[in-house]
Amino acid sequence: MRKLVATVFNYSLDGLLADEGTDFWKFCFDLPENREPEAPAHLDFLRNAYTHIMGRTAYESISKGMSSSPDHPFAGILNTGRKVVFSQTLKTADWPNTTIAAGDTTKEIDKLRTGGDGHIVVWGGVRLWRSLMRLDLIDELELSMFPYVAGEGTRLFDGTPNSYRLDLISSTPSDNGIIYLHYRRRR
């Protein structure tokens with residue numbers, strides 16, 4: 001059975017996501033890890049995914065960015081890879097190899113999980129992450145924690161279960177103080 005791995009980029013020490021236009025957003029994208037995200041292990045992780053899933057807002061942002069920036073390290077992976085958008089409102093998906101999942105989230109995820117090994121990358125957005133956590137569907141969480149106290153932004157874990165136990169698989173620091181945390185859901 002395929003595992004569901006949520007990726008969380010640009011996360012602050014005080015538990016906030018970098019909302020576009022904030023000082024934290026600017027800080028994150030001034031660092032080389034975001035300007036030139038070319039870590040071989042991370043690219044392999046994305047390249048070897050069975051599929052990439054996202055909510056409508058993330059889909060619209062990522063598809064626009066990858067379609068207009070073909071030289072971005074993720075563009076070749078995402079532009080040609082299989083993608084599923086979870087949305088009740090999106091009617092068409094113009095990004096190649098994209099399907100829309102508008103049914104029951106648990107049933108849609110169960111369909112994606114069956115049929116083989118590997119992993120499914122959850123890109124977000126925050127509503128999708130929270131929904132998947134409430135349904136206890138996330139198997140692993142990869143989080144990039146930045147050396148920054150944001151004070152403003154979106155709280156990733158608002159509205160999620162009060163008790164959500166994770167086991168640390170790895171923690172890897174970057175030269176710029178970002179810590180890449182990899183957790184597995186304890187079941």
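The values are calculated or read from the model by the stated rules, or taken from the named source; none is laboratory data. These numbers come from a predicted model, not from an experiment. Here Cβ is always computed from backbone atoms with ideal geometry, including for glycine, and neighbour counts include all displayed protein chains. Areas reflect the complete protein model, heavy atoms only, side chains present, ligands, DNA and RNA absent. Shrake-Rupley method; radii C 1.70, N 1.55, O 1.52, S 1.80 Å.
A few notes on this one:
- Extreme residue, farthest from G118 (Cα to Cα), among residues of region 22-33 that are open to solvent by less than 70 Å² (accessible area, probe 1.4 Å), modelled with pLDDT under 90 and not hydrophobic (A, V, I, L, M, F, W, C): P32
- Taking the listed residues R134, R82, R187, the one that is at pLDDT below 90 and charged (D, E, K, R) is R187, with no other qualifying.
- Test result for P161, closer than 25 Å to L43 by Cβ, open to solvent by 40 Å² or more (accessible area, probe 1.4 Å), at pLDDT below 95 and not in a strand (DSSP E or B): no
- Verdict on R127 being of a type in the set (K, R), touching a strand residue (DSSP E or B) at 6+ places or on another chain (Cβ under 6 Å) and either surrounded by 15 or more Cβ atoms within 10 Å (Cβ to Cβ) or within 23 Å of R2 (Cβ to Cβ) (or both): yes
- Where a residue in region 166-183 is farther than 21 Å from F27 by Cβ and its partner, wherever it lies, is among the small types (G, A, S) and open to solvent by less than 50 Å² (accessible area, probe 1.4 Å), with Cβ under 8 Å and at least six apart: H182/S170
- The condition (being more than 14 Å from the chain's Cα centre (by Cα) and open to solvent by less than 50 Å² (accessible area, probe 1.4 Å)) is satisfied by just one residue among L90, L156, L135, L168: L90.
- Test: residue in region 37-48 that is touching a Leu at 6+ places or on another chain (Cβ under 7 Å), among the aliphatic types (A, V, I, L, M) and modelled with pLDDT of 85 or more: no
- Exactly one residue out of L4, L31 is within 29 Å of R134 (Cβ to Cβ) and among the aliphatic types (A, V, I, L, M): that is L4.
- Within region 140-153, tally of residues that are assigned to a loop (DSSP other than H, G, I, E, B) and buried (at least 19 other Cβ atoms within 10 Å of the Cβ): 3
- Close pairs from region 114-135: first touching a residue at least 60 places away in the same chain (Cβ under 8 Å), partner open to solvent by 30 Å² or more (accessible area, probe 1.4 Å), Cβ under 6 Å, at least 6 apart: G118/Y50; H119/K3; I120/Y50; G125/T57; V126/T154
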